[in-house]
Amino acid sequence: MSPMTCCVLLASSRQDGNTHRLLESAFLSGIKALEDLAALKIGFYSYTFENEGDDFFPLINRMLPHRVWVIATPVYWYTMSAQAKVFLDRLTDLLEIHKPEGRLLRGKSLAVLACGVEPALAPSFDEPFRLTCGYLGMDFRGSHYTQFTGNNKPAAPSGRDARAFVQSVLADDDA
């Protein structure tokens, strides 16, 4: 597997929290391309493109060489984190002011690693990712969820499951 295959977005408010723990268990060999959205200055989507000079376009340029994108997000109020939502919203810029880069999204794949305290994801959790991918011509590879307990430990041994999910996402990319 080429290290340029997969780019991982950490979309959490805590760099060393449960979402990062989930990433570490899913990518035992280390993550080759990790972007921490909380460390970047990415503004919300604006109809007047007032955030065009922020870190979003440099991030996209670093992500474009990768065929598979993985978003790792905690679940807040039954949905993705604010960082993940702002990132998805800003993809609109690629349809309006950076169209050549937007066209390069077609054929790329997206998968989601999520964690939270509930026993399972809300049934609608995948919908924004699935619909966004469909609109952009990307392949949504699904999501993997790990429940964490109050002591910041997985409720069940899930590292192997997270690894198997990531391996299947990357293996499908090799096909």
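The values are calculated or read from the model by the stated rules, or taken from the named source; none is laboratory data. Quantities reported herein were computed from a predicted structural model and do not represent experimental measurements. Positions of Cβ are generated from backbone atoms using ideal geometry, with glycine treated the same way; all protein chains shown enter the neighbour counts. Just the protein is used for accessible areas: all its heavy atoms, side chains included, with ligands, DNA and RNA removed. Shrake-Rupley method; radii C 1.70, N 1.55, O 1.52, S 1.80 Å.
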| task | Any chance you could run the full-extension gain for Tyr76 through Glu50? It's 0.36 nm times the residue separation minus the Cα-Cα distance, nm to one decimal. | result | 6.6 nm
| field | Degrees separating the helix 127-136 axis from the principal Cα axis of the chain, which is the longest one | value | 40 degrees
| said: Apply the Karplus curve 6.51 cos²θ - 1.76 cosθ + 1.60, θ = phi - 60°, to the phi angles in segment 78-93 and return the couplings in whole Hz, x for Gly and Pro. | reply: 6, 9, 5, 5, 4, 4, 5, 5, 4, 4, 4, 4, 5, 4, 4, 4
| message | Given R₀ = 41 Å, what would the calculated FRET efficiency be for Ala155 paired with Asp36, taking r from the Cβ atoms and rounding to 0.05? | response | 0.95
| How much accessible area per residue does the chain have, in Å², with a 1.4 Å probe? | 51 Å²
| query | Excluding ligands and nucleic acids, what accessible area in Å² is computed for Lys41 using a 1.4 Å probe, to the nearest 10? | reply | 150 Å²
| Per 5 Å bin from zero, what fraction in whole % of the C-alpha pairs of segment 76-139 is there, up to the bin with the longest pair? | 3, 16, 25, 24, 15, 9, 5, 2, 0
| C-alpha center-to-center spacing [segment 101-140, segment 66-90] in angstrom | 8 Å
| Say each of Leu28 and Asp16 gets a label point 7 Å from the Cα, pointing the same way as Cα to Cβ; how far apart are those two points in nm? | 2.5 nm
| message | At 0.36 nm per residue, and after removing the present C-alpha to C-alpha distance, how many nm does the segment from Val117 to Leu104 gain when stretched out fully? | response | 1.1 nm
| message | Please enumerate, by chain and number, the lysines with C-alpha under 27 Å from the C-alpha of Lys153, excluding those fewer than 8 residues away in the same chain. | response | Lys32, Lys85
| field | Kirkwood hydrodynamic radius (C-alpha pairs) into Stokes-Einstein, segment 23-77, 20 °C and 1.002 mPa s, D in µm²/s | value | 160 µm²/s
| request: Over all alpha-carbon pairs of the chain, lay out the pair-distance distribution in 10 Å bins, whole %, shortest bin first. | output: 10, 40, 37, 12, 1
| query | In degrees, nearest 10, range 0 to 90: what is the angle between the Cα axis of helix 159-174 and the longest Cα principal axis of the chain? | reply | 40 degrees
| How would Tyr78, Tyr135, Tyr45 rank on accessible area, largest to smallest, probe 1.4 Å? | Tyr135, Tyr78, Tyr45
| Carbon + sulfur, % of accessible area of segment 25-175 - ligands and nucleic acids excluded, 1.4 Å | 55 percent
